[in-house]
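Novice: Encoded as structure tokens, here's the structure I'll be asking about.
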Amino acid sequence: MARTQIEAAREGTVTDAMERVAERENREPEFVREQVAEGQAVIPANTNHEALDPMIIGREFATKVNANIGNSETTSDLEEELGKLHTAVHYGADTVMDLGTGSDLDEIRETHVDYSPVPIGTVPLYEAVKRAESPEEITTDLLLEIIEKQAEQGVDYMTIHAGILAEHLPLTNGRKTGIVSRGGSIMAKWMEENGEQNPLFQVYDEICEIFAEHDVTFSLGDSLRPGCIADACDDAQYAELDTLGDLTRRAWEHDVQVMVEGPGHVPMDKVAENVERQQEVCDGAPFYVLGPLVTDIAPGYDHITSAIGAAMAAQAGAAMLCYVTPKEHLGLPDEEDVRDGLAAYRIAAHSGDVANGRPGARDWDDALSEARYEFDWREQFRLALDPDRARDYHDQTLPGDNYKEARFCSMCGVEFCSMRIDQDARESRRDSRSSQSPKGSEQPGDAGEMKHLESTTDLESSPAAEVNRPPVGTHESSDDSGDENWPDRAVEGTGDD
Ligand code: SF4
């Protein structure tokens, strides 16, 4: 019996997870199987993660968004950590990475897996540093022990920093910001102190066997991603990418699923180049990008600088976007930062899907536009990416129920509402044409006819309805209203990986 989704796919088997993914994406199960078999998409689904609602990451499917959570040395509380998971799922994260570095890591991780309907990712190297107490003391035995334990706990994908090699380190000497990946800086220090090759690279085949046994998906870390736009696309970044391509193919030989992580900080004119190069070097393995931030000048607004790059990356073929919050580079994000970060990234992901013509993606836009033109305010709120915010902003100035049918809002006011003026003008043109035309000669689509009222956007049958659309708080597996096990809590640490 196949141990992993890719092994089953290669044998020609459509698994239950593939069936579910096909349903969520409005695709044929056979298409899902082919994409997984060819390594073009992954279904991160550890066989021990029973609460999981399977999803897929690949450039042919709706673009996904990851949120990072996790405790730190200063804050460690099980209920609080569960609250962070809830917050991330509530605001639309498709996967969640637990980057905890505080205490009770095992209990928190196991609880996350027990409750999470979305895949859980981790960076085992962080626990290794904590256990070894300093990077240079880490051993390969410790790394393998931690990776195996986390695989048994049900972690669906792990960032493995196996691509940074000793020979890459001199290539970073001229950089403005050096090595900014946490895992990358730890591995670099280990290699320099011990004078040996990257231990994760050395035991890579053993890691593959552990992953195959539990169906853990690789998220190959980009340890040498640029930390500023000046360092983008340099020799260090691309040398590591070549190694990641080799590691991708080695994992596939073990029937293990792979996605590859990417930058970072990249100016707009080089975003597509980054995606295209990764797709070529890694034979189409899904690209999972952090941002990228397209400029370095806006601390406090890096959810915006990075969402611009993320949207471009999605259009160019990135499969998953790791969110960035407004607090990036500045401090730990709170719940509102997480909300803003996830909104920015869901917009980026959806914009990419619209541009790429993903089936049903634009139905969501069309449905909201129709509600807008019809002044159906309640429907606008319901369809909004963040319904609560849309309603709150509207009601700040026009709170009364009577304004929910009003043909204006406070932005332009009743007199200057262009949509009302346009509707009235169309109406009067139509009346005038009707009175001049012989009875029964009107044609559908004649100027003046409000075609939007006749259109029937079938939003419910679109993949957007299941995959990327659920308005905040309505993900079917996270509808937790009244569930005291899902307390709202602040979320900390977008982390650097
Ligand atoms: S008042 Fe302006 S912003 Fe408001 S609905 Fe009318 S056109 Fe749109």
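The values are calculated or read from the model by the stated rules, or taken from the named source; none is laboratory data. This one's a predicted model, so the numbers in the text were calculated from it and none came from an experiment. Virtual Cβ from ideal backbone geometry, glycine too; neighbours counted across all protein chains shown. SASA here: full protein model, heavy atoms, side chains in, ligands and nucleic acids out. Shrake-Rupley method; radii C 1.70, N 1.55, O 1.52, S 1.80 Å.
Novice: Suppose all protein chains stay in the model; what accessible area per residue would a 1.4 Å probe give for the chain, in Å²?
Specialist: Working: 20100 Å² over 497 residues.
Accessible area per residue, the chain: 40 Å².
Novice: Still on this model: Of 64/84; 84/327; 84/404; 64/176, which pairs sit farther than 22 Å apart, going by alpha carbon to alpha carbon?
Specialist: Beyond 22 Å between Cα atoms: 84/404; 64/176.
Novice: Could you state the angle between the C-alpha long axis of helix 235-253 and the longest principal axis of the C-alpha atoms of the chain, as a value from 0 to 90 degrees rounded to the nearest 10?
Specialist: 90 degrees
Novice: Roll a 1.4 angstrom probe over the protein heavy atoms and tell me the percent of accessible area of region 75-177 that is carbon or sulfur.
Specialist: Ligands and nucleic acids excluded, carbon and sulfur reach 43 percent.
Novice: In degrees between 0 and 90, to the nearest 10, how far off the longest principal axis of the chain does helix 387-397 point, with axes built from Cα atoms?
Specialist: 50 degrees
Novice: Write down the Å³ per residue value for the convex hull defined by the alpha carbon atoms of the chain.
Specialist: 159 Å³
Novice: Would you work out the relative contact order for the chain, in percent, from Cα pairs under 8 angstrom that are 6 or more residues apart? List each step's numbers first, then the result.
Specialist: Values: 1017 pairs, mean separation 92.4, N = 497.
About 19 percent, as a whole number.
Novice: Then there's this: From the phi angles alone, apply the Karplus equation (6.51, -1.76, 1.60; θ = phi - 60°) to region 143-151 and give each ³J(HN,Hα) in whole Hz, x where the residue is Gly or Pro.
Specialist: The phi angles translate into 4, 5, 4, 5, 4, 5, 4, 5, 5 Hz.
Novice: Let me ask you something else. Scan around residue 265 for amide H atoms under 5 Å from its own, H built in the peptide plane at 1.01 Å from N, and keep only partners 5 or more places away or cross-chain.
Specialist: The answer is 228, 293.
Novice: Quick one: net charge of residue 65's neighbours, Cβ under 9 Å, K/R +1, D/E -1?
Specialist: +1
Novice: As I understand it, the value is the acute angle between the Cα axis of helix 204-214 and the longest principal axis of the Cα atoms of the chain; what does it come to in degrees, rounded to 10?
Specialist: The helix 204-214 is inclined about 50 degrees to the chain.
Novice: Which cross-chain or sequence-distant (5 or more) residues have an amide H under 5 Å from the amide H of residue 222, H modelled 1.01 Å from N in plane?
Specialist: 261
Novice: Which percent of the accessible heavy-atom area of region 362-421 goes to carbon and sulfur, probe 1.4 angstrom?
Specialist: Reported share for carbon and sulfur atoms: 53 percent.
Novice: If we sort 395-406, 175-186 on the protection proxy, mean other Cβ atoms within 10 Å, highest first, what's the order?
Specialist: 175-186, 395-406
Novice: Next question. Which order, highest average first, do 374-383, 421-430, 117-126 follow once you tally other Cβ atoms within 10 Å for each residue and take the mean per peptide?
Specialist: Averaged packing, sorted descending, gives the order 117-126, 374-383, 421-430.
Novice: Follow-up question, since we're still on this one. Could you tally the net charge around residue 418, taking each other residue with its Cβ under 14 Å from the Cβ of residue 418, Lys/Arg +1 and Asp/Glu -1?
Specialist: +1
Novice: Can you list the HN-Hα couplings for region 137-142, worked out from phi with the Karplus curve (6.51, -1.76, 1.60; θ = phi - 60°), rounded to whole Hz and with x for Gly and Pro?
Specialist: So the J values, rounded to whole Hz, are 8, 5, 10, 5, 4, 5.
Novice: Related question: Could I get the Rg over Rh figure for region 362-421? Both from C-alpha atoms, Rh via Kirkwood, rounded to two places.
Specialist: The Rg/Rh ratio comes out at 0.95.
Novice: Oh, and also: When you count, for each residue, the other Cβ atoms within 10 Å and take the mean per peptide, how do 6-16, 284-294, 26-36 rank with the highest first?
Specialist: Sorting 6-16, 284-294, 26-36 by mean packing, highest first, produces 284-294, 26-36, 6-16.
Novice: From the phi angles alone, apply the Karplus equation (6.51, -1.76, 1.60; θ = phi - 60°) to region 180-192 and give each ³J(HN,Hα) in whole Hz, x where the residue is Gly or Pro.
Specialist: 9, 6, 4, x, x, 5, 5, 5, 4, 5, 4, 5, 5
Novice: Let me ask another. Please name whichever of 138, 369, 126 sits farthest to the positive end of the charge dipole of the chain, dipole taken about the Cα centre and charges placed at Cβ: Lys and Arg +1, Asp and Glu -1.
Specialist: Highest projection toward the positive end goes to 369.
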